[in-house]
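Enquirer: Got a structure for you, written out below as structure tokens; questions coming shortly.
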Amino acid sequence: MADRVTVIGWDGSPLTDAARSAVGAATLVAGAAHHLALPEIPPAAERIRLGSVGLAARRIAQHRGTAVVFADGDPGFFGVVRTLRAPEHGLEVEVVPAVSSVAAAFARAGMPWDDARIVVAHPRELRRAVNVCRAFTKVAVLTSPGAGPAELALLLGPVHRTFVICEELGTDRERVTVLTSDKAADHAWRDPNVVIVIGGTGAAEVPGAPPRQRATGHWLAGRDPGHYPGVRGWALPADAYGTPPGEGETTELRAAQLARLGPRVGDLVWDIGSGSGAAAVEAARFGAAVIAVDRDPDACGRATAVARHFGVQLQVVHGTAPQILEDLPEPDVVRVGGGGAAVVAACADRRPERIVAHAATRDEAEAIGRALAEGGYAVECALLQSVELDTTQWNERERAVAFLLSGRRSHP
């Protein structure tokens, strides 16, 4: 095992005295090509080009001597420190920090970032980073090869955002570019880069543009999607949305549907037959990206207005399911508010983790249950009955009965 491991953050500034001392004593140095070219590295030191951090950690663990690992930005912020400290390597590290690349990117753009979400994009999970960009108005994306600005833009598709792309921060090749997401795929971008993604309802100002609103105090980093002044709780009553609920949109049924779906940050939710938009807005308040689909243009307009009122991001699509679903990106969970077994079967073909639907009759419930089971889902069904009471007289005001069906994907 290495006698000593020092991780040095590098932001383009001259090395500190502590960093110089560690490098001067190093018998092994790991880093990117531009780190390994630094003149302070001893000529006799073994050099490891840092590709896989896990492989480098194993080499360092087997090394007899003093090791230094270079990393761009703050190595403790989505950086190599986590991997090096993993139990399987048994390494104890000292860290010489630097300004994180995210902080540097926002500084170059002249923007505050306490209200930004920060995600890492890898090719295997790029869609989750994209879903965060769909759901929030300010996101910093730490990219990687194969998951850069062009790939982000392609997956965002018709959801337009402004990109602030910061390439090779801290080097003499540093470049900051501001453009709309639909133009990003037309360029070749240099690694490493950070992409600040801005846009949507209530979006922050774009660099160079005048502020849209007066700055207010903040107490929590990262915008909370569920916060709306004066509103507390979930499955709000219909009057909170300013529109009467449609068939199958009772508060109690919506609460049960959301509980089965479990929408969360990084998810993409389909709400098919979104109606008033209440369920779609509730899912978005949990931090999920949501696509609301309805064949009624008036319903689409209402959903858009409700989303704007609550300050959440919805992509509203006018069209009839199942045909309209073919062009939508892959969902994580789906609520089917209308369309019956045929729409449920089409959703099951896309393999989301969960599907929820409801039925007014037992025959319809059985048809939906068969569609879920044939699609490879474990099926649950409950008969829900809710009775609204007038609390002044404690008399029954309204009664609603519905079958709630939920499918959990039982195999990949």
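Enquirer: Considering the alpha-carbon set of the range 365-412 alone, what are its Rg and its Dmax in angstrom?
Expert: Both quantities, over Cα of the range 365-412: 16.4, 53 Å.
Enquirer: What percentages, rounded to whole numbers, describe P(r) for the range 1-67 computed over all alpha carbon pairs with 10 Å bin width beginning at zero?
Expert: With a bin width of 10 Å, the distribution comes to 21, 58, 20, 0.
Enquirer: Which Rg and Dmax, in Å, describe the Cα atoms of the range 1-142?
Expert: Cα radius of gyration and Dmax of the range 1-142 are 16.5, 50 Å respectively.
Enquirer: Hey, another quick one. Can you figure out the FRET efficiency of residue 34 with residue 94, using R₀ = 25 Å and their beta-carbon distance, to the nearest 0.05? Walk me through the numbers before you get to the answer.
Expert: Details: r = 22 Å, r/R0 = 0.89.
About 0.65, to the nearest 0.05.
Enquirer: For the Cα atoms of the chain, what angle does the longest principal axis make with the long axis of helix 251-261, in degrees from 0 to 90, nearest 10?
Expert: Around 40 degrees separate the two axes.
Enquirer: How much area per residue is accessible in the chain when the probe is 1.4 Å and only protein heavy atoms are counted (Å²)? List each step's numbers first, then the result.
Expert: Working: 20100 Å² over 412 residues.
Roughly 49 Å² per residue, with all protein chains present.
Enquirer: Using the per-residue mean of other Cβ atoms lying within 10 Å as a proxy for protection, in what order, highest first, do the peptides 112-121, 69-78 fall? Don't jump to the answer; show the numbers that get you there.
Expert: Values: 112-121: 18.6, 69-78: 22.8.
Highest to lowest by the protection proxy: 69-78, 112-121.
Enquirer: So if R0 is 35 Å, what FRET efficiency would residue 373 and residue 318 give, r being the distance between their Cβ atoms, rounded to the nearest 0.05?
Expert: Working: r = 31 Å, r/R0 = 0.89.
E(calc), rounded to 0.05, equals 0.65.
Enquirer: Run the numbers for residue 252 and residue 46: contour at 0.36 nm per residue of separation, minus the present Cα-Cα distance, in nm.
Expert: Working: separation 206, 0.36 × 206 = 74.16 nm, distance 6.50 nm.
Difference between extended and current length: 67.7 nm.
Enquirer: So what's Rg/Rh here for the chain, counting alpha carbon atoms and using the Kirkwood radius for Rh? Working shown, then result.
Expert: Details: Rg = 25.7 Å, Rh = 24.0 Å.
Rg/Rh for the chain comes to 1.07.
Enquirer: Ratio of the range 88-158's C-alpha Rg to 2.2 N^0.38 Å, to two decimals?
Expert: That ratio works out to 1.32.
Enquirer: So how far apart, in nm, are the two label points at residue 120 and residue 386 if each is 7 Å from Cα heading toward Cβ?
Expert: Computed distance between label sites residue 120 and residue 386 equals 4.1 nm.
Enquirer: At most 16 other Cβ atoms within 10 Å and a DSSP loop assignment: could you name the GluC sites (Glu not before Pro) in the range 72-121 that fit?
Expert: Those that pass, being in a loop and sparsely packed, are 88, 92.
Enquirer: In addition: Of the heavy-atom accessible surface of the chain (probe 1.4 angstrom), what whole percent is carbon and sulfur?
Expert: Numbers: 10350 of 20100 Å².
Answer for the chain is 52 percent, counting heavy atoms of protein chains only.
Enquirer: At most 15 other Cβ atoms within 10 Å and a DSSP loop assignment: could you name the trypsin sites (Lys or Arg not before Pro) in the range 8-104 that fit? Working shown, then result.
Expert: On the way: sites: 20, 47, 49, 58, 59, 64, 82, 85; in loops: 64, 85.
When the trypsin sites (Lys or Arg not before Pro) of the range 8-104 are filtered for loop state and at most 15 Cβ neighbours within 10 Å, 64 remain.
Enquirer: In percent, what relative contact order does the chain have, based on Cα pairs under 8 Å that are 6 or more apart in sequence? Each step should come with its number before you reach the end.
Expert: Numbers: 855 pairs, mean separation 43.5, N = 412.
Once divided by the residue count of the chain, the mean separation gives 11 percent.
Enquirer: Also, quick follow-up: What is the ratio of the Cα radius of gyration of the range 296-409 to 2.2 N^0.38 Å, with N the residue count, to two decimals? List each step's numbers first, then the result.
Expert: Values: Rg = 16.7 Å, N = 114, 2.2 N^0.38 = 13.3 Å.
Ratio of Rg to 2.2 N^0.38 Å for the range 296-409: 1.25.
Enquirer: Now a separate question. Apply the Karplus curve 6.51 cos²θ - 1.76 cosθ + 1.60, θ = phi - 60°, to the phi angles in the range 332-349 and return the couplings in whole Hz, x for Gly and Pro.
Expert: For the range 332-349, the Karplus curve yields 8, 9, 9, 10, 9, x, x, x, x, 4, 5, 6, 4, 5, 5, 5, 4, 4 Hz.
Enquirer: Round to the nearest 10 and report in Å² the accessible area of residue 201, as given by a 1.4 Å probe over the protein chains' heavy atoms.
Expert: 50 Å²
Enquirer: Right, something else. Sum -39500 (n - 2.57) across every DSSP H segment of at least 4 residues in the chain, then divide by the residue count to get the 222 nm mean residue ellipticity, nearest 500. Mind dumping the intermediate values first?
Expert: Values: 13 runs with 113 residues, N = 412.
Rounded to the nearest 500, the figure is -7500 deg cm²/dmol.
The values are calculated or read from the model by the stated rules, or taken from the named source; none is laboratory data. If you're wondering where the values come from, they're calculated on a predicted model, not measured in any experiment. As a convention, Cβ positions derive from the backbone with ideal geometry for all residues, glycine included, and neighbour counts pool all protein chains shown. Heads up: the accessible areas ignore ligands, DNA and RNA and are worked out on the full protein's heavy atoms, side chains in. Shrake-Rupley method; radii C 1.70, N 1.55, O 1.52, S 1.80 Å.
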